[in-house]
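*Asks:* I'd like to ask some things about the structure below.
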Amino acid sequence: MLESSIKEAITLWRAENGFLKSPLRAALIDMDGVLYDSMKYHTLAWQKMMSEQGVECSRDEFYLYEGMTGAATISLLMARNGRPVLSDEEVKRLYAIKTEYFRQLGKKEPMPGADRMLEVLRERGIKRVLVTGSAQSSLINALAEDYPGAFLPGMMVTALDVNNGKPHPEPYLRGLEKAGVTNARTIVIENAPLGVRAGRASGCFTVAVTTGPVPREAFVDAGANLIFPSMNEFADALPTLIDIFDE
Ligand code: MG
């Protein structure tokens, strides 16, 4: 991406939010579709679980729900199919089934380029906080092995830590608290339209990386400050983005 495009996006974002120039200090990083090429497995697990409940879904629609908590997704699909509201226990039971189907699909591949992205952030002294709508322990626990040293202990916000999932800003606001950094000095890295909305609502500079089938326009509509077609291209541009923040 051109340096001038990055500069323009940062200038516009600062003007919209009334932010003064200040260096980049923190990155709030989504997990599925950003650090792992895992969405294809999530969509399969969701479709299987919901189908067993008599609710037919397309795999692609789950890319649009990505970022919501599992409970919110189940409630939305049940309501869409005219089902009565489920008890919290029943929602938990169904989410546990989906979680187990996902786990059974085996080891999930790290997203190509994500390791370089994290390495650039670490080299430049930028704090990293994981901010995921997931409560999928099989994947969260794999982070330390797949990305050693990328996230310091406690630098994580998961579905278990928030009352409101994305697109509500709460997950990213909690991430800012963990980093101890203001939104004027923080970027959000997302692959889902609802996640981008959450990032923008938190005031952070929000980068969308389009790693799935959702068209680019959906990320424009969600308000992404910059859009990259792959994690590798974002990793390539990240040193320039950090330099421009620091100017
Ligand atoms: Mg994601």
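The values are calculated or read from the model by the stated rules, or taken from the named source; none is laboratory data. Everything quoted here is computed from the prediction, not taken from an experiment. Every residue, glycine as well, gets a Cβ built from its backbone with ideal geometry; the counts of neighbours run over all protein chains shown. Remember, those area values only see protein heavy atoms, side chains included, never the ligands or the DNA or RNA. Shrake-Rupley method; radii C 1.70, N 1.55, O 1.52, S 1.80 Å.
*Asks:* Hey, does the range 22-37 have a residue that's within 24 Å of the chain's Cα centre (by Cα), within 16 Å of the ligand (Cβ to nearest atom) and hydroxyl-bearing (Ser, Thr, Tyr)?
*Replies:* The answer is yes; a qualifying residue exists.
*Asks:* Would you say Ser75 is farther than 22 Å from Pro167 by Cα, small (Gly, Ala, Ser) and assigned to a helix (DSSP H, G or I)?
*Replies:* Against the criterion (farther than 22 Å from Pro167 by Cα, small (Gly, Ala, Ser) and assigned to a helix (DSSP H, G or I)), Ser75 does not qualify.
*Asks:* Out of the residues in the range 37-65 that are farther than 16 Å from Gly106 by Cα and of a type in the set (A, V, I, L, M), which is surrounded by the most Cβ atoms within 10 Å (Cβ to Cβ)?
*Replies:* Result: Met49.
*Asks:* Go through Leu130, Leu160, Leu64 for me and flag whichever is of a type in the set (A, V, I, L, M), closer than 14 Å to Tyr36 by Cβ and not in a loop (DSSP other than H, G, I, E, B). Can you show your working first?
*Replies:* Values: Leu160 fails: closer than 14 Å to Tyr36 by Cβ; Leu64 fails: closer than 14 Å to Tyr36 by Cβ.
Among Leu130, Leu160, Leu64, only Leu130 is of a type in the set (A, V, I, L, M), closer than 14 Å to Tyr36 by Cβ and not in a loop (DSSP other than H, G, I, E, B).
Conditions tested, residue by residue: (1) more than 15 Å from Pro167 (Cα to Cα); (2) in contact with a helix residue (DSSP H, G or I) (Cβ under 7 Å, 6 or more places away or on another chain).
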{"position": "Thr206", "(1), (2)": "no, yes"}
{"position": "Thr211", "(1), (2)": "yes, yes"}
{"position": "Phe219", "(1), (2)": "no, yes"}
{"position": "Ser230", "(1), (2)": "yes, no"}
{"position": "Asp236", "(1), (2)": "yes, no"}
{"position": "Pro239", "(1), (2)": "yes, yes"}
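*Asks:* Still on this structure, I have one more. Considering (1) part of a helix (DSSP H, G or I); (2) within 16 Å of the ligand (Cβ to nearest atom); (3) touching a Gly at 6+ places or on another chain (Cβ under 8 Å), say which one Leu139 fails and leave the rest.
*Replies:* It fails just one condition, (3).
*Asks:* I would also like to ask the following. Regarding the range 174-185, can at least one residue be identified that is farther than 19 Å from Ile126 by Cβ and not in a loop (DSSP other than H, G, I, E, B)?
*Replies:* No, the range 174-185 contains no residue that is farther than 19 Å from Ile126 by Cβ and not in a loop (DSSP other than H, G, I, E, B).
*Asks:* Given the conditions (1) modelled with pLDDT of 95 or more; (2) over 21 Å from Ala237 (Cα atoms); (3) touching a Gly at 6+ places or on another chain (Cβ under 6 Å), and given that Ala192 satisfies all but one, which numbered condition is not satisfied?
*Replies:* Checking Ala192 against (1) modelled with pLDDT of 95 or more; (2) over 21 Å from Ala237 (Cα atoms); (3) touching a Gly at 6+ places or on another chain (Cβ under 6 Å), the one that fails is (2).
*Asks:* Looking at (1) open to solvent by less than 20 Å² (accessible area, probe 1.4 Å); (2) part of a helix (DSSP H, G or I); (3) not polar (S, T, N, Q), which is the only condition Ala208 fails?
*Replies:* Single failed check for Ala208: (2).
*Asks:* Any idea how many residues of the range 67-91 are open to solvent by 20 Å² or more (accessible area, probe 1.4 Å), closer than 24 Å to Gly33 by Cβ and away from the ligand (no atom under 16 Å from the Cβ)? Step through it out loud before you land on a result.
*Replies:* Kept after step one, since they are open to solvent by 20 Å² or more (accessible area, probe 1.4 Å), are these residues of the range 67-91: 68-69, 71-72, 75-76, 79-90.
Next, from what is left, pick out any that are closer than 24 Å to Gly33 by Cβ: 68-69, 71-72, 75-76, 80.
Now narrow it down to the ones that are away from the ligand (no atom under 16 Å from the Cβ): 71, 75-76, 80.
Residues flagged as open to solvent by 20 Å² or more (accessible area, probe 1.4 Å), closer than 24 Å to Gly33 by Cβ and away from the ligand (no atom under 16 Å from the Cβ) within the range 67-91 amount to 4.
*Asks:* Scan the range 102-116 and report the pairs whose first residue is free of Cβ contacts under 8 Å to residues at least 40 places away in the same chain and whose second residue is of a type outside the set (A, V, I, L, M), with Cβ atoms within less than 7 Å and a gap of 6+ or a chain change.
*Replies:* Going by the 7 Å Cβ cut-off, the qualifying pairs are Arg103/Ser138; Asp115/Tyr147.
*Asks:* Taking the conditions exactly as written (assigned to a helix (DSSP H, G or I), of a type outside the set (Asp, Glu) and either open to solvent by 60 Å² or more (accessible area, probe 1.4 Å) or touching a His at 6+ places or on another chain (Cβ under 7 Å) (or both)), does Leu94 satisfy them or not? If you could, list the steps in order and put the result at the bottom.
*Replies:* Values: assigned to a helix (DSSP H, G or I): yes; of a type outside the set (Asp, Glu): yes; either open to solvent by 60 Å² or more (accessible area, probe 1.4 Å) or touching a His at 6+ places or on another chain (Cβ under 7 Å) (or both): no.
No, not satisfied.
*Asks:* Related question: Which ones in the range 10-21 are assigned to a helix (DSSP H, G or I), open to solvent by 10 Å² or more (accessible area, probe 1.4 Å) and either of a type in the set (A, V, I, L, M, F, W, C) or within 16 Å of the ligand (Cβ to nearest atom) (or both)?
*Replies:* Leu12, Ala15
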